Amino acid sequence: MKEILQALNQEVGIKGSMVITPDGIMVSAALGPDLEEDRVAAIVSSLLVSVRRCLSDLQTPGKLVSCILNAHQGKILFFDMGNSFLVVVGQSDIKLDASVVPIRSAIHRIKNRRVA
Amino acid sequence: MFLAFLNPLRIANYFRLSVAMERYRKHPDQDETLAVARLLAKVGDRSGALSYLRNGRKRFPASPEIQQLYAKLWAQSAAAEIRSLERGWRSQPRVEDAARLVELHRSVRNFDVAIRTAEEAEAKFPDSWLLKLAVGKTLYHRFLVSRNAEDGKRAAEALRQARTIKSDCSRALVYLTALLAETGPRSDAIAAAEELARIAPHSTQAQSFRQKLTGASAASTAAPEAGPPAQTAADSDEELTSLLLAELRQIPEVCATIIFHPDGGPVRQHFVPNELFAAENCQQAVASLAAGLHGAAERMGIGRLNTCVVEGDPWWIYLAEVAGKSVVILARKGFKSSAFERLMNRFMTETVTL
């Protein structure tokens, strides 16, 4: 799985990526030197809690697909992969349109790998 | 790393902040506003501090302490954003960044630097309405300070050019109306106000301009010494949020829009009964989500949150920071993410508070 993440990180604007379980346990990570694995996992996990609590309060049907945070100095993206989440940390100027294809491809490869 | 969080001074500041916020909720007076803003700045949440001060400026316009602290924090915030935008401009020039740079220099009254920046950017993007608008606003504000007729003339020219390139640019008309109300001729100011009311029928500012100008026009016939209208375009963030809400109301896929202050206090909202989002506790739920998203961005070290898109099946939740407020849109799948981004980009680029 780490190879898939490392390949994804080669895309322009992507600083690092990781796979975590819904309760924030890291499955695999390929983050840059300035990103601590435990810290990113903890932050994304609390983010997921916030999103889920909001969806529960709003009694929103259906499932969460993705979440993209666009901040002044970077972006955090996470995507539901069934029983885990792919987290991508990007630079602020990352082109999301161009990155969607490699991200979707990475999700597909991770899911297939799991099945295999 | 955890030692940083266990810093006793930091813990003490967070504790003091929670006490101050509780006191502010009970008595949102001038002293409590200042206390909360100072503590937010101490714990590193400058944008939160600015939001409290922005509200404070409206409620206590005569308070020099609030004005001074706001000016100090805004200058720091603008300087940081200017540095970041200048780096981006050097590596990948984008007209939106240039316009924002001009606006930021203008907001800290570096008028000459703002004009110079605009001239450099216009060499690369000669037909940008955003740059013309930014130049027009800069010259308008310099005119208000210096009362130099040449600035007024050049401001009007730049604002008219912005309108020529983008005929529905209501912001250019807001500034043009305010400028013409100051410089005259009054008939041109009235015509600009009428045009503004035509292209932005929901704009309360357009109605207000029209009333004041036509009222002042009638008064000036009876009493020639009547002065120019007092209204200017300087503080029109409220107007922007009204326009945004009016635009969103017209989109059938939008189920709800909630606008609130960073402390969770409601500003405005509209809700259309629907099967995707429950109305009960809606404002509280999205305010808590916004707080979570802001916290995550800050802890991650990626700076101030601009927008967030949560995609579900079959719905979207959008969050954006506009004019110091959080705007959350709950929508059906048909409302495209790109439409949201275009809408928010337009409002954010046009929004820099003085």
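Computed from the C-beta positions of A:Q73 and B:R268, the FRET efficiency with R₀ = 22 Å rounds to 0.15. Dividing the radius of gyration of the alpha carbons in the stretch B:240-349 by their Kirkwood radius gives 0.93 for Rg/Rh. The C-alpha atoms of chain B define a longest principal axis, and helix B:149-165 lies at about 70 degrees to it. Charging the Cβ of each Asp and Glu at -1 and of each Lys and Arg at +1, and nothing else, the dipole of chain B about its Cα centre rounds to 520 debye. Charges were assigned to the Cβ only: +1 to each Lys and Arg, -1 to each Asp and Glu. The resulting dipole of the stretch A:2-115 about its Cα centre is roughly 380 debye.
Counting only other chain Cβ atoms within 10 Å of each residue's Cβ, the peptide A:41-48 averages 3. Take every Cα pair under 8 Å whose residues are at least 6 apart in sequence, average their separation, divide by the length of chain A, and the relative contact order is 30 percent.
Assuming R0 = 41 Å, can you tell me the calculated FRET efficiency for the pair A:R53 and B:V145, based on Cβ-Cβ distance, to the nearest 0.05? So the FRET efficiency works out to roughly 0.25. Of all the options B:R23, B:R160, B:R332, the one that moves most in a Gaussian network model of chain B with Cα springs shorter than 10 angstrom is B:R23. Computed from Cα atoms, the angle from the helix B:30-42 axis to the main principal axis of chain B rounds to 70 degrees. Relative to the globular-protein estimate of 2.2 N^0.38 Å, the Cα radius of gyration of the protein assembly as shown stands at 1.05. With distances taken between every two different alpha-carbon atoms, the stretch A:29-101 has a Kirkwood hydrodynamic radius of 13.5 Å. In the protein assembly as shown, a dipole from Cβ-located charges (positive for Lys and Arg, negative for Asp and Glu) runs towards its positive end, and of B:L73, A:Q6, B:L130 it is A:Q6 whose Cα lies farthest in that direction.
Shielding value for B:303-310 is 6, the average number of Cβ atoms from other chains within 10 Å of each residue's Cβ. Please find, in a Gaussian network model of chain B (springs between Cα atoms separated by less than 10 Å), the residue of B:R90, B:R100, B:R46 whose mean-square fluctuation is greatest. In the Gaussian network model the winner is B:R90. Largest first, the extents of the alpha carbon coordinates of chain B on the three principal axes equal 66, 47, 47 Å. Which residue, B:A20, B:A339, B:A200, tops the fluctuation ranking in a GNM of chain B built on C-alpha contacts under 10 Å? Comparing B:A20, B:A339, B:A200 in the GNM, the peak value goes to B:A339. So what's the angle, to the nearest 10 degrees on a 0 to 90 scale, between helix B:64-91 and the longest Cα principal axis of chain B? Computed tilt is about 90 degrees.
Between the alpha-carbon centres of the stretch A:28-62 and the stretch B:289-342 there is a gap of 15 Å. Exposure proxy for A:D80, B:D188: other Cβ atoms within 10 Å of each Cβ, ordered fewest to most, give B:D188, A:D80. Using R₀ = 22 Å, calculate the FRET efficiency as 1/(1 + (r/R₀)^6) where r is the Cβ-Cβ separation of B:Y14 and A:D34; round to 0.05. It comes out at approximately 0.30.
Loop by DSSP (not H, G, I, E, B), at most 13 other beta-carbon atoms within 10 Å: where is the longest site-free stretch of chain B for GluC sites (Glu not before Pro)? Value returned for the longest uninterrupted segment is B:1-224. Net charge dipole, the protein assembly as shown: roughly 320 debye, given to the nearest 20, about the Cα centre with Cβ charges of +1 for Lys and Arg and -1 for Asp and Glu.
We did not get these values from a lab; they are worked out from the coordinates using the rules stated. Since we're looking at a predicted model, the values are computed, not measured. All Cβ positions, even for glycine, are placed from backbone atoms using ideal geometry, and neighbour counts span all protein chains on display.
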